[in-house]
């Protein structure tokens with residue numbers, strides 16, 4: 001018991017004596033590779049897109065399926081058109097836009113169960 005208390009005290013003491021501006025472990029965590037194929041302005045700032053893109057897509061999905069509204073800026077096809085790799089035309093793959101972040105965050109991409117991850121293709125794989 002004494003040994004555990006001593007180790008805890010040493011750990012707290014060493015943390016308190018870190019120099020200001022030192023690199024914390026969380027800051028040293030590698031970030032995902034994100035390559036934006038078509039640079040320009042997105043429909044929202046990056047911070048908002050990171051937090052809310054799934055909600056935007058869900059709302060657009062509901063408008064498309066229930067109200068027949070197509071061609072809005074928050075559509076999956078518009079996202080793919082801007083973010084697909086120039087070389088593969090896809091948002092999937094280790095270094096491509098969607099898969100790199102979703103793999104980093106350990107979030108399953110289920111969009112591609114129904115939709116084509118390549119620019120210029122419909123869900124069936126045929127060119128529109």
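Every read-out reported here was derived from the displayed coordinates using simple, explicitly stated rules and does not represent laboratory data. Small disclaimer: the values here were computed from a predicted structure and weren't measured. Here the Cβ is made from the backbone with ideal geometry for all residues, glycine too, and neighbour counts use every protein chain on show.
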Give me P(r) over region 33-119, computed from all C-alpha to C-alpha distances, binned every 10 Å, as integer percentages.
16, 52, 29, 2
Quick check on packing: order 109-118, 35-44 by the mean number of other C-beta atoms within 10 Å, highest mean leading.
109-118, 35-44
